[in-house]
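The values are calculated or read from the model by the stated rules, or taken from the named source; none is laboratory data. This one's a predicted model, so the numbers in the text were calculated from it and none came from an experiment. Glycine gets a Cβ as well: all are built from the backbone with ideal geometry, and neighbour counts include every protein chain shown.
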Amino acid sequence: MIAGGLRRSAARGGGILLAGLFIACSGFQSALDPKGTKAATISQLTLFLVITAAVVYVVVIAGLLFAMRRASTRPLAFAHDDIEEPDRERTRIRWVASAAAASALILLLFMFVDVSAARSLSQVGGLRPLRIDVVGHQWWWEVKYPDLGNPHNTVETANEIHVPVGRPVFIKMTSDDVIHSFWAPNLDGKKDLIPGHETRTWFRADTAGVYRGQCAEFCGHQHAKMAFFIVAEPRAKFESWLTSQQSPASTPTDSLAQAGERVFLSASCAMCHSISGTGAGSKYGPDLTHLASRRTIASGTLPNNVGNLAGWILDPQSIKPGAKMPPNQLDPAALQALLAYLGTLK
Amino acid sequence: MAHAQALPAFNDPDRRPGTLTIPEEDETRARLSSSWDEGSGLWAWLTSTNHKSIAKRYIVTAIIFFILGGLEAGMMRAQLSRPENRFIGPDLYNQIFTMHGSTMMFLFAVPVMEAIGLYLVPIMIGTRNVAFPRLNALGYWMYLFGGVLLYVAFFYNTGPDAGWFAYVPLSGPQYSPGKRMDVWAQMITFTEIAALIGAVEIVTTIFKQRAPGMSLNRMPLFVWAQLITAFMIIFALPSIVVSSTMLAMDRLVDTHFFNPAEGGDALLWQHLFWFFGHPEVYIIFIPALGMLSSIIEAFTRRPIFGYPAMVLSLITTAFLGFGLWVHHMFATPLPLLGQSFFTAASTAIALPSGVQIFCWIATIWSGRPRYTTSFLFAIGFFFLFIIGGLTGVMVASIPFDLQAHDTYFVVSHFHYVLIGGAVFPLFGAIYLWFPKVTGRLLSERLGKWNFWLFFIGMNVTFFPMHILGLMGMPRRVYTYLPEMGWGGLNLLVSMGAVIIVSSVAVFLANVWVSLRAGVPAGDNPWEAATLEWATTSPPPSYGHLFIPVVEGRDPLWDARNGELAVVTGLRTDRHEGLLTSIMDAEPEHRYEFKGPTILPLLLAIFGGGAIILAIFTPWGVTVGSIMSAIVLTCWFWPTISPDHDTPRHRRRERIA
C-alpha cells in the first residue's frame, strides 16, 4: 500500500515536472525550444548537464540521508570518544576519497563536453554566410545589411532582422552608447555589444518562423523593453524582402499622405528619424523608410497598427518611460495625415 | 528523531569544562573587570574599543541592512508578480535592484561574516581583544557611515541605479548624470576601508594572539576560514579600490579611464570589478563553511572528519577563487581559448567544495547528531547549496552560459549559492552562538518554524527561476509582456518571497522573545569543544578569566574529565595580552591593548566627511585630509604610561 502511494505520488511529481518542462518549451523566446543549429547544440549540452547534475545531486543527498539514518540508530553517546576505532575511520577515508575521485572524473567529463561543444559552435558551417551589422542604442537595435559591391543597396532597418532559413548569418556588432547584449535564445546564446569594441557572432536558423530576442545586458531605464524579432524565411521570400527594403520610400500619391509627409518633415520627427528618398536623414532614432513593413514598434513593445502608432507618437513616455523619444503635440488632422503617410512606408 | 537530550557527563556541574579552581580566581576577576570596564552611557558607547561591543553593533547593523535589502527584494517581487504591472516604474525599479544587490553584498554579507569573526575569533583563540582595537572601531564607523550614506541618498531619490556591478559606460558621467552613481562609488570606498580593516585585524589577531599551544594545526576550522577569508579580502579589495576610484575620478574630475571615445576602455572595468567581484563570493562563502564546521562538530559531537583535507580545501577554494572572474564575461569579445582556462578553473573549484561536503557527511555518519534548529540549518545547506554548486558547474560551460548568462537562471543559481551556502549557515551560526553572545537560548519551537518557512520559501522562490531563465527571461527587467508566458511562474516566485519574509519575521520574533524571556544558556549549552564555550555567556569584557593553554584540537572535550590548563601571571591592572609565535603559538611577548578613545569616531567623521564631500566638490578631499591628518597626529602621538615597558627593557618572557 505504501509502495502504491509512493508510485502515485511519484507519478504525480513526474507529471508536474513534465508540465513544467512543457510550459518551458512553449514560450516563443526560449532556450528550450531551439530552432537553429547553435541553439540545438546548446540545448543538447543543457540536457546532458541537467541530467548529470541531477544524478550527482540525488547520489550526494542519498549519501547524506543515509549518514543521518545510520547515525540516528546509534545509542546516544559522545562520538568524540569512539572515533578512534581505526578501521571505521579508514573506511570513511576510503569513501570520501572515492567520492572526491568520482567528482573529479565527472568534472573532467563536464570539461571535455563543454570544450568540444564550444569548439563546434565556433565553426561556421555550410553556405557562404550573410553579413548583418547590428548597432545597439538605448533602447533599440539598428540593423544594416551592407552591400559591399553597391553601397546604395545597403539596407537600414530597426528591431527586425530577416534571415534566410538554412544559411549562416554572420553578425558584426557594436554599441553607440552603453553595453547591450544580443540574445535570441531560440537561435543562439548571447553576445555583448560594447562601445569601442567590435564583436562578432553567427547563427543559422533551421526552421522558418518569427523568433523574439531581447537585450540581456542591463542598459538603463528601458532595458526591459528593448526587444527585436528575427524573421527566418525561405530564401526566395527573404530575397524579395531584401529587394523591397533596398528601394527608397515611395512618394505618397493621395493628398492625405502627402500632407502627412509634410507633417513628418516639418514637425520634430525629422530631427531624429530618417526616411530615404526624403529630406529626413537624421540617424538618432530608428530608420523609418519601411516602417509599415515591420511587425512591431517601439522595439518589440507594441504590435504595429494605427492605434498603437498614434499612441506612441503622442505619448511615448507612458509606454516606455525614459525612452529618448519626446511626446509630440499634433492636432488631430496632422496626426491622421502623419499616420496615413507612415502607413504608406511599406 | 532523538534530539536535545543532554549528556549525563555534562549535567554534572562539577565536571563542566572550563571550570577553574584557582584560589585567586575571584580577585583576578575583580581586577580584570575594573581594568577592562568601559563604563556605560553614550560616551562609553561612542569610545568603545572592545571587540565584542563593536562586533555586536556590526552584526546588528548588518542584519538591519539584510532586512532592508530583503524589503527591496519584496518590492521587486511585487512589481514582477504579474506582467505589465504598474506598481513601480523603471526609474525606481532600477534603483531598487541596485540597492538590493549593493546592500546584500557590501552592507550585509561581507560585513556580517567579518563581524562574527571579530566577535568570536578572539574568544575562540583565547585572547582578550583584537590586535588593533582602535582601528577596529574605525572600521565599524566607516562601514556604518557608508551604509547610512547610501540609504539617505536613496530616500532622497538619489539611489544608485546602474546595478551593483555598475558597468561603464552606463555608470559613467555621460549615461548616469547626477549624483546617484557617485553615491554608489563612495559607499564602496567606505566599505572597502571597513573590510580591509576587518581583514587586517583578523589576520594579525589569529597569527599573533593565539592561546599558547594552539598551533596552526589545532585551530578550529572556523578560525581557519576567517583567516583565509581575511587574506582573500586583502588580495581582492585593491582591485575594487582601483576601479571605484577610477570611476569616481571619471565622474568627478573628467579622467577618461573608461571612455572609449578618449582612449579608455569599457571592458577594463569588467576585468577590475570581477577580479574583486568573484573572490567576493568566496569572501562570503568561506566564513560560512567555517560556521558549518562549528555547527556540525557541536551537534554531531565528534571532531570534523578530515581536518587537514578541510583546511586544504578552504585554501584551494581561496586560490581558485581568484581565477574565475572571466566567467562573468563569456559574452564579451575575449578569445575562446583564453575563456576556456576560466571554464577549467570554474569547474575545478567545485572539487574542494565537494571534498568538504563529503567530509561533513562522513562526520554526520560517524557522529551522534542532535537535530536542533542550528543543525537543521546546516542540513538545509546541503540540500540548497549543492543545487547552487551544480548549476555553478553548469554555467562554467561557455556555450551553456551564453544562454543562461544575465537571465533568471543565474539569479536562481547565485541565490542558491548565497542563501543556501551562506545565509543558511549564518542562521545556523546565530542559533549556535546567540546563547554565547546574549546568555539566552533562542526558542527551538520558533526556530523550527523559522527553518521550515525559510527552506520552503527559498525553494518556491528560487527554483522556478531556473525555468524562467531558460524560458528567456532576462535579469534586471522592471516588467515583461503578457504574451511572454512568464506570468504564472513569476506569481509563484513572488508567493515564495512572502514565505521567506514570514520566516525572517519569525526569526526576529524569536530574537525579541529570547532577549526578554529566553532560557538562560549557561556557559556551554551545546557541550561544544571550542574555547568560546569555556567562558561565561555572555563573555565578560576581557573574554577569558585566564588565557587557556591548548593541548589539542578540541580543548573542551579533551578537558571533559579534567581541567583546562591556563596561563597565569599576566597583568590584570592593564589591558595585557599574550603574543605567541605564528606557527606553534609559543609565548613570545606581553602586549598592551589600547583602551577606549573617541579618536576612531573623529577620524571616521573627518575622513568619511571628505569622502562624502568629494561627491560635490574636489575640495572635500583637501579639507577632509587636513582634518584627518590632525586626528591621526593625535592618534599616533607617543604616550608612555608610567608602568609601560620601555623598549630598552622589553624582553622575551617565558611563561610556563
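Brief remarks on what is shown
- Total residues in region B:197-211 satisfying the condition of being surrounded by fewer than 24 Cβ atoms within 10 Å (Cβ to Cβ) and in contact with a strand residue (DSSP E or B) (Cβ under 6 Å, 6 or more places away or on another chain): the figure is 1.
- Extreme residue, nearest to the other protein chains (Cβ to nearest Cβ), among residues of region B:460-497 that are among the polar types (S, T, N, Q) and in a helix (DSSP H, G or I): B:490
- Just one of (1) facing chain B (nearest Cβ under 7 Å); (2) of a type in the set (S, T, N, Q); (3) closer than 18 Å to residue B:404 by Cα fails for residue A:186. It is (1).
- For region B:146-174, a tally of residues being away from chain A (no Cβ under 12 Å), surrounded by fewer than 23 Cβ atoms within 10 Å (Cβ to Cβ) and more than 17 Å from residue B:91 (Cβ to Cβ) returns 5.
- Pairs where the first residue, in region B:361-372, is in contact (Cβ under 8 Å) with a residue 60 or more places away in the chain and facing chain A (nearest Cβ under 7 Å) and the second is among the β-branched types (Val, Ile, Thr) and not in a loop (DSSP other than H, G, I, E, B), C-beta under 7 Å, 6+ apart: B:364/B:296; B:364/B:300; B:367/B:300; B:368/B:300; B:369/B:300
- All positions within region A:121-155 that are of a type in the set (Asp, Glu) and at pLDDT 95 or above: A:133, A:142
- Of all residues in region A:266-296, those being surrounded by fewer than 21 Cβ atoms within 10 Å (Cβ to Cβ), of a type outside the set (Gly, Ala, Ser) and not in a loop (DSSP other than H, G, I, E, B) number 3.
- Test: residue in region A:157-166 that is surrounded by fewer than 20 Cβ atoms within 10 Å (Cβ to Cβ) and closer than 17 Å to residue A:38 by Cα: yes
- Some residue of region B:429-444 being at pLDDT 95 or above, closer than 26 Å to residue B:80 by Cα and surrounded by fewer than 21 Cβ atoms within 10 Å (Cβ to Cβ): no
- Checking each residue in region A:203-219 for being surrounded by fewer than 21 Cβ atoms within 10 Å (Cβ to Cβ) and either within 11 Å of chain B (Cβ to nearest Cβ) or not β-branched (Val, Ile, Thr) (or both) picks out A:206, A:208, A:209.
- Scanning region B:293-340 for residues that are small (Gly, Ala, Ser), within 24 Å of residue A:194 (Cβ to Cβ), surrounded by fewer than 24 Cβ atoms within 10 Å (Cβ to Cβ) and at the interface with chain A (Cβ under 10 Å from one of its Cβ atoms) yields a total of 1.
- Residue within region B:513-532 that is modelled with pLDDT of 95 or more, out of contact with any helix residue (DSSP H, G or I) (no Cβ under 8 Å at 6 or more places or on another chain) and small (Gly, Ala, Ser) present: no
- Among the residues here, residue B:332 does not qualify as in a helix (DSSP H, G or I), modelled with pLDDT under 95 and more than 28 Å from residue B:111 (Cα to Cα).
- The lone criterion from (1) assigned to a helix (DSSP H, G or I); (2) surrounded by fewer than 22 Cβ atoms within 10 Å (Cβ to Cβ); (3) among the aliphatic types (A, V, I, L, M) left unmet by residue B:387 is number (2).
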